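See below for the structure under consideration.
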Amino acid sequence: MSSRLSSPNIQLNELGKLHHFLTLEGLKAHHLTEILDTTESFINPNTNEIKKVPLLRGKSIMNLFFEPSTRTRTTFEIAEKRLSADVSSLDIQTSATKKGESLLDTLWNLQAMQADMFVIRHAQSGAAQFFAQHVAPHVHVLNAGDGQHAHPSQAMLDMFTIRKHKGDIFDLKVAIVGDVLHSRVVRSQIQALSILEAREIRVVGPKTLMPEYPEALGVHVYHDMDEGIQDVDVIIMVRLQNERMTSALIPSEKEFFKLYGLTETRLALAKPDAIVMHPGPINRGVEIESAVADGPQSVILEQVTYGIAVRMAIMSIIMSNAAQLSQHHAEQTSQQTQEQDAKETS
Ligand code: CP
């Protein structure tokens, strides 16, 4: 599957608008801004309540989580219901996958149940793109995290949370700290911050957990945490992804916390009004101490809440784009018919 990762733009339709949502790679600032602005429209500014709207009434959405999830799966399900869609979530543990049914056969059978949209999380990088290449043209695929490749809706809810607290991302210094190497979230966050032209993107972690970044990407790498978070506006902590490590890459969790754990003392090195983020799940005492995770600068639980509205925005934009494309095709057909009629008359 991973050989197909080099063509992210299968997610755009012929009008250059989102048809699937697989990765942020290759998207433009206007695609991301549309998601952020649409998210805003779903949140009541006075109460922060997320509205229920009829935008996806009659549409069928299927959630396929082949990997565990608490936040992404639940917020997608809530978002789908707030959009008034019909929602099904396949329980992989009790599905025919356990009898050896292939991913493609699973897809085609579920599509035969008249799915309009699939939300998929899978351990294999490229799984969502593979799905997108095999669904019917009118069906949409959203990536809820594939291997180490991408987690684009997480990155968008992170950008929304940053924008809510800090305004324009353009002015900000952002440090991402922890197991950068194995994190699909970090890949997507870097893409989002880069597209939105953040002033400075820093990644902080040990050499063993740091990928090579092409110079052109403009990412600043730090192995010393105190230097890496000095004077930043935003600190994003990410957990050790033990499930993706094939060998021991750090001496111990205790040692990791000593060098890279976010403590109140360390947090004081960032700007006084810096916000602390984490995509979850958090490991208290490994990458972050409880006093910080639960402290006044933490926006970790707000990220979770905004995840509902951001996912509503992504799904509603995709369905609206599909309607716009149908309209475009209808207008083209009508114009061709008129031209043909005119030719026959003359
Ligand atoms: N942030 C995130 O992807 O969390 P879950 O694994 O709980 O979905």
Positions within the range 67-99 being open to solvent by less than 50 Å² (accessible area, probe 1.4 Å), of a type in the set (A, V, I, L, M) and touching a residue at least 60 places away in the same chain (Cβ under 8 Å), in sequence order:
ALA79, LEU83, ALA85
Can you pull out the strands (runs of 3 or more DSSP E) entirely within the range 216-331 that have at least 3 residues that are without any contact (Cβ under 8 Å) to a residue 60 or more places away in the chain?
219-222
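This table checks each residue for (1) within 16 Å of the ligand (Cβ to nearest atom); (2) assigned by TED's automatic domain parsing to the domain that holds SER125; (3) on the phi < 0 side of the Ramachandran plot.
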| position | (1), (2), (3) |
| --- | --- |
| LEU12 | no, no, yes |
| PHE21 | yes, no, yes |
| THR33 | no, yes, yes |
| THR39 | no, yes, yes |
| PRO45 | no, yes, yes |
| GLY58 | no, yes, no |
| LYS81 | no, yes, yes |
Take LEU27 and decide whether it is away from the ligand (no atom under 16 Å from the Cβ), open to solvent by less than 30 Å² (accessible area, probe 1.4 Å) and of a type in the set (A, V, I, L, M, F, W, C).
yes
Going through the range 178-230 one residue at a time, which ones are within 16 Å of the ligand (Cβ to nearest atom) and more than 23 Å from GLY126 (Cβ to Cβ)?
GLY178
Exactly one of these conditions fails for VAL304: (1) more than 16 Å from the ligand (Cβ to nearest atom); (2) of a type outside the set (S, T, N, Q); (3) under 30 Å from LEU83 (Cα atoms). Give me its number.
(1)
Inside the range 271-285, the number of residues satisfying the requirement of being away from the ligand (no atom under 16 Å from the Cβ) and more than 21 Å from LYS173 (Cα to Cα) is 1
Hits in the range 128-150 (condition: open to solvent by less than 10 Å² (accessible area, probe 1.4 Å) and within 15 Å of the ligand (Cβ to nearest atom)):
ALA128, LEU142, ASN143, ALA144, GLY145, ASP146, GLY147, ALA150
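Here's the yes/no breakdown for (1) among the hydrophobic types (A, V, I, L, M, F, W, C); (2) at pLDDT below 95:
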residue: GLU253; (1), (2): no, yes
residue: PHE256; (1), (2): yes, yes
residue: THR263; (1), (2): no, no
residue: LEU267; (1), (2): yes, no
residue: PRO272; (1), (2): no, no
residue: ILE288; (1), (2): yes, no
residue: GLY295; (1), (2): no, no
residue: VAL299; (1), (2): yes, no
residue: ALA313; (1), (2): yes, no
State yes or no: is THR161 at pLDDT 95 or above, buried (at least 19 other Cβ atoms within 10 Å of the Cβ), within 15 Å of the ligand (Cβ to nearest atom) and hydroxyl-bearing (Ser, Thr, Tyr)?
yes
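The values are calculated or read from the model by the stated rules, or taken from the named source; none is laboratory data. All figures in this text were calculated on a predicted structure; none of them were measured in a lab. Every residue, glycine as well, gets a Cβ built from its backbone with ideal geometry; the counts of neighbours run over all protein chains shown. These accessible areas exclude ligands, DNA and RNA; they are computed on the full protein's heavy atoms, side chains included. Shrake-Rupley method; radii C 1.70, N 1.55, O 1.52, S 1.80 Å.
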